[in-house]
Structure formats: structure tokens, C-alpha cells
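Novice: Quick one: this structure, given as C-alpha cells, is what I'll be asking you about.
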Amino acid sequence: MNMSWKLHGDGRTIAADEIVKPDERLAWPATIGLGLQHVVAMFGATFLVPLLTGFPPTTTLFFSGVGTILFLLITGNRLPSYLGSSFAFIAPITAAVASDGPGGALFGIIAVGVLLALVGVLVQFTGTGWIDALMPPIVAGAIVALIGFNLAPVAKANFAISPWIALITLAAVILWTVIFRGLIARLSIFFGVVVGYIAAVIAGQIDFTPVSEAAWIGLPDFQSPTLAWSVLPAFLPVVLVLIAENVGHVRSVAHLADPSLNKLTGRALFADGVATTIAGVGGGSGTTTYGENIGVMAATKVYSTAAYWVAGGFAIALGFLPKVGALVNTIPPGVLGGVTTALYGLIGVIGIKIWIDNKVDFSRPANQFTAGIALVIGIADFTFSNGSLTFNGIALGTLAAIIVYHVMTAIERVRTP
């Protein structure tokens, strides 16, 4: 593994037709600035996950930084990527905390991490062909979409607590997206929260006492997992989402920076699995490669892994600032209701975008039933219990998407002369 970077040009400028490759860097002041920009890009999404699940924000930030450093090490310092909190964990964590407490949720996160790491080892030796066969675009899109739409009742409940604050927050997200362009527009969720938070302060809905009482420097609030096999049906479908996200992100970076990076797909999956497992052991949320940071690279044309070492280190440092966690925890339900109305909808739309980008043919009955059945099961949150095991809408919808598609496709092939 090469831990040094070649200086790109004079280290200060990039020609219009050039990119800074993963094994290159700009001058250190510029590299540090880019690293901090990656922190800003990931922060809005990453801190929302602990805020919505009740996990300690500083712990989640700490493990996102640790995960990013591990990712760089495992991929040989060749694949630029930030590992932030995955939204796919929100629904199963929420359900697990309600039934088995935070420790049970952490057990589910660990299980996902271990399984994802094993998938990474398998992909490293066999390639990604079997993933494409198991989850063609119609299936992958349905799984991503139903996870987003399954969370709609959570957004509604928070929205109803303070409708005006929620509406201001939602309006801020929408206006920020259409008024600005490029990277700034990508931060609309983060700035929507800022605007909603200011409105909540003016309305007297914020109690800053916990912030003033929190120490400036301290250890992250580490937590321990507890054995809870009953949570696994809700968590294991998340593995499929993480596989799709990681494979898609590696392909995106490889397309933009270096096609040879596709060979690191197995390592990337293994690295995210290890990072998620470690986060679960210590009290953080599961991780995934972040599209927000890929957007930063596309906008800046800087793919240097050096910037990600800076970003990971800074995130770890934030984990030792209890006041940051206390401040994040003061965000009221109304703000969360407004931002998650947009956020959960966007997750669902990403699934639909997978169908559009891959030109899924909805004249085929197999595609129609795969999408339709999976979405209804996920949105209505169908449940099935067998003893202590309960399968929620995400688990059942995921299984339905895979089974319906492959059974109908197999029958179609048999019937085709």
C-alpha cells in the first residue's frame, strides 16, 4: 500500500481537462480545505441518522471517521470514499430499539456488517456477476424505494408535533435546492435543518441547558450490543441495499477517475462490512459509501485519497466534542418532521431513479408485479411473526421483490418457445 501521494502540477491549480488522481494530491493547505469540505458534505446526512434513531451523535461521527480510515487502508489507499451513516438502517434500528433496546439494535448492525464483509470476500474471488443476477435493476430499485417509503409514518408523526416549524424546514429544503446549483444545492438537507432550527429558536422551542452543561472535550458515548436474534429479519435486507450502494459508488468513482478501480469492489464491500461491524460493537450506526462525497469529487475534479484521510481524522476529532452531540440533540421534532418528509421521499425516489436509469420495461408482467407487490408490502408495513421472530415490511418486501421476480422470470423462460 502506497501511503505517499505525488504532487499534482504545482499543487495549487488544476487545468480544465485534468483531474487529480487518487494517488496524487494538491498542496497540503488545499488538501486540508478539500478534506473539510468532505466533512461538510457528509455531516448533514450522517448526523441525521443518530438524531432519528436516538444513537449518540458524537459516537456515530467518531465511527464514521474510523470507518473511512479503515476503508482507505483495506482498499490499499487507492479508492477515495467517505463512509457515513446509512439511511437504510433507520427503520430496523427504530424497530429494534422499541422491542429490544439500543443493545439489540447494535446486534443487528453487527450482523449486517459481518454478512457484508463475507460478501466482500466472495466478490473479491468471484466478481459481481452474481449480484447483478440476484438483484437486477427492477429488484434493486424496489428494495431501495420501499425502505424510503416505509419510513413515511415516522416523518408524519414528527411533522404533526410542530407543523409550522416542519413546514418552514421543508420549504427551506425545497427553496435551497432550486435557488442554488452544484455542491451547494447538494447540502439542501443540512441547510434546511439550519433554517428550521433558527425558526425553532425564535419560537422558543429549544432548551440550550444540555449544551451549556456538556463538556467541551470528552470520550464518545460508547455503548455495547446485546444478543437479540429476533431483530435479524428486519436488519438482514439492509445488506442488499449496502451491496447495491457500494457497487454503484465504486463504479461511479471508477468511471470518473480510473476504470481499474472496479477491481476493488470486493475490498470496498469487505471494508464497509468491517467498518459497520466495528461501529455496531461500539455504539455507532452502520456505514455506507457516500454519494454526497462523490458529488464533491465530481465538482472539484479532485479524487485524492489524501483529502479523505483529512476528512476521516476531522470526523474522529468531532467525536471527542460532547457539546457537538448535545447541540445536535436539541433539534426539535418539528424540524425533523420537515426534513424527513423530504429525505425519506428522496430515498424512495432514488429507487425509482434506478428503474429509469436502467430503462426497466414495465410492460413486462414480471417487472410490474415485482415492483407493485414489494412497494405495497413495504409502504403498508406488512408484518409476519413466527415465535420470537418478526418480519417487518422491509424484510417481507425485500423477499417479495427477489422471489416474485425470479419465479416469474423462470416461468417466462420455460414458456418461451
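Novice: Out of Leu236, Leu227, Leu242, Leu232, I need the residue that is more than 23 Å from Trp130 (Cβ to Cβ) and among the hydrophobic types (A, V, I, L, M, F, W, C). Which one?
Specialist: Only one candidate qualifies: Leu227.
Novice: Restricting the stretch 343-371 to residues that are charged (D, E, K, R) and in a helix (DSSP H, G or I), which is surrounded by the fewest Cβ atoms within 10 Å (Cβ to Cβ)?
Specialist: My answer is Asp357.
Novice: Here's a follow-up. Please state which one of Phe63, Phe47 is more than 23 Å from Leu151 (Cα to Cα), hydrophobic (A, V, I, L, M, F, W, C), within 15 Å of the chain's Cα centre (by Cα) and crowded, with 24+ Cβ neighbours inside 10 Å.
Specialist: Values: Phe47 fails: more than 23 Å from Leu151 (Cα to Cα).
On inspection, the qualifying residue turns out to be Phe63.
Novice: Further, regarding this structure: Test each condition in (1) more than 22 Å from the chain's Cα centre (by Cα); (2) surrounded by 14 or more Cβ atoms within 10 Å (Cβ to Cβ) for Phe107 and report the one that comes out false.
Specialist: Failed condition: (1).
Novice: Out of all the residues in the stretch 288-317, which are out of contact with any His (no Cβ under 9 Å at 6 or more places or on another chain), over 23 Å from Ala117 (Cβ atoms) and either crowded, with 22+ Cβ neighbours inside 10 Å or hydroxyl-bearing (Ser, Thr, Tyr) (or both)?
Specialist: Listed by number, the residues that qualify are Thr300, Tyr303, Ala306.
Results for (1) farther than 30 Å from Pro102 by Cα; (2) surrounded by 22 or more Cβ atoms within 10 Å (Cβ to Cβ), shown as yes or no for each residue.
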site: Ala140; (1), (2): no, yes
site: Ala145; (1), (2): no, yes
site: Pro153; (1), (2): no, no
site: Ala171; (1), (2): yes, no
site: Phe191; (1), (2): no, no
site: Gly196; (1), (2): no, yes
site: Ile202; (1), (2): yes, no
site: Glu213; (1), (2): no, no
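Novice: For residues that are surrounded by 12 or more Cβ atoms within 10 Å (Cβ to Cβ), in a loop (DSSP other than H, G, I, E, B) and polar (S, T, N, Q), scanning just the stretch 380-417, find the one that is modelled with the highest pLDDT.
Specialist: Taking the candidates together, the pick is Thr383.
Novice: Yes or no: the stretch 84-95 includes at least one residue that is among the β-branched types (Val, Ile, Thr) and modelled with pLDDT of 95 or more.
Specialist: The first filter runs over the stretch 84-95 and keeps only residues among the β-branched types (Val, Ile, Thr), leaving 90, 93-94.
Adding the requirement that they be modelled with pLDDT of 95 or more leaves none.
No; the residues of the stretch 84-95 include none that is among the β-branched types (Val, Ile, Thr) and modelled with pLDDT of 95 or more.
Novice: Any residue that is part of a helix (DSSP H, G or I), closer than 16 Å to Ser85 by Cβ, in contact with a helix residue (DSSP H, G or I) (Cβ under 7 Å, 6 or more places away or on another chain) and among the hydroxyl-bearing types (Ser, Thr, Tyr) - is there at least one of those in the stretch 271-279?
Specialist: Yes, there is a match, as at least one residue in the stretch 271-279 is part of a helix (DSSP H, G or I), closer than 16 Å to Ser85 by Cβ, in contact with a helix residue (DSSP H, G or I) (Cβ under 7 Å, 6 or more places away or on another chain) and among the hydroxyl-bearing types (Ser, Thr, Tyr).
Novice: Could you say which residue among Pro237, Pro220, Pro233 is at pLDDT below 90, surrounded by 22 or more Cβ atoms within 10 Å (Cβ to Cβ), more than 26 Å from Asn392 (Cα to Cα) and of a type outside the set (S, T, N, Q)? Full working, then the answer.
Specialist: Numbers: Pro237 fails: more than 26 Å from Asn392 (Cα to Cα); Pro233 fails: more than 26 Å from Asn392 (Cα to Cα).
After applying the criteria, what remains is Pro220.
Novice: Does Thr31 meet the test of being closer than 19 Å to Val241 by Cβ and in contact with a strand residue (DSSP E or B) (Cβ under 7 Å, 6 or more places away or on another chain)?
Specialist: On the way: closer than 19 Å to Val241 by Cβ: no; in contact with a strand residue (DSSP E or B) (Cβ under 7 Å, 6 or more places away or on another chain): yes.
Considered against the rule, which asks whether it is closer than 19 Å to Val241 by Cβ and in contact with a strand residue (DSSP E or B) (Cβ under 7 Å, 6 or more places away or on another chain), Thr31 comes out as no.
Novice: Could you tell me how many of the residues in the stretch 311-334 are farther than 16 Å from Thr53 by Cβ and either over 20 Å from the mean Cα position of the chain (by Cα) or not hydrophobic (A, V, I, L, M, F, W, C) (or both)?
Specialist: So the count comes out to 14.
Novice: Report whether or not Val241 is touching a residue at least 24 places away in the same chain (Cβ under 8 Å), within 30 Å of Thr169 (Cα to Cα) and β-branched (Val, Ile, Thr).
Specialist: Working: touching a residue at least 24 places away in the same chain (Cβ under 8 Å): yes; within 30 Å of Thr169 (Cα to Cα): yes; β-branched (Val, Ile, Thr): yes.
Answer is yes for this residue.
Novice: Among the residues of the stretch 149-165, how many are more than 26 Å from the chain's Cα centre (by Cα) and not in a helix (DSSP H, G or I)?
Specialist: 1
Novice: Just name the residue that is surrounded by the fewest Cβ atoms within 10 Å (Cβ to Cβ) out of those in the stretch 324-342 that are of a type outside the set (A, V, I, L, M) and assigned to a helix (DSSP H, G or I).
Specialist: Of the stretch 324-342, the ones of a type outside the set (A, V, I, L, M) are 325, 329-330, 332-334, 337-338, 340-341.
Of the ones still in play, those that are also assigned to a helix (DSSP H, G or I) are 325, 333-334, 337-338, 340-341.
On the way: Gly325: 26, Pro333: 18, Gly334: 26, Gly337: 25, Gly338: 31, Thr340: 30, Thr341: 21.
The selected residue is Pro333.
Novice: Which residue, of Phe43, Phe62, Phe89, is aromatic (Phe, Trp, Tyr) and farther than 23 Å from Ser304 by Cα?
Specialist: Phe89
Novice: Tally time: how many residues in the stretch 83-116 are assigned to a loop (DSSP other than H, G, I, E, B) and out of contact with any strand residue (DSSP E or B) (no Cβ under 7 Å at 6 or more places or on another chain)? I'd like the intermediate steps shown before the answer.
Specialist: Pass one, the stretch 83-116, residues assigned to a loop (DSSP other than H, G, I, E, B): 86.
Subsequent filtering for residues that are out of contact with any strand residue (DSSP E or B) (no Cβ under 7 Å at 6 or more places or on another chain) retains none.
Counting residues in the stretch 83-116 that are assigned to a loop (DSSP other than H, G, I, E, B) and out of contact with any strand residue (DSSP E or B) (no Cβ under 7 Å at 6 or more places or on another chain) gives 0.
Novice: In the stretch 66-82, what count of residues is obtained for those that are at pLDDT below 95 and surrounded by 24 or more Cβ atoms within 10 Å (Cβ to Cβ)?
Specialist: Of the residues in that region, 4 qualify.
The values are calculated or read from the model by the stated rules, or taken from the named source; none is laboratory data. A quick note: this is a predicted structure, and the numbers were derived from the prediction, not measured. Positions of Cβ are backbone-derived with ideal geometry, glycine not excepted, and every protein chain shown enters the neighbour counts.
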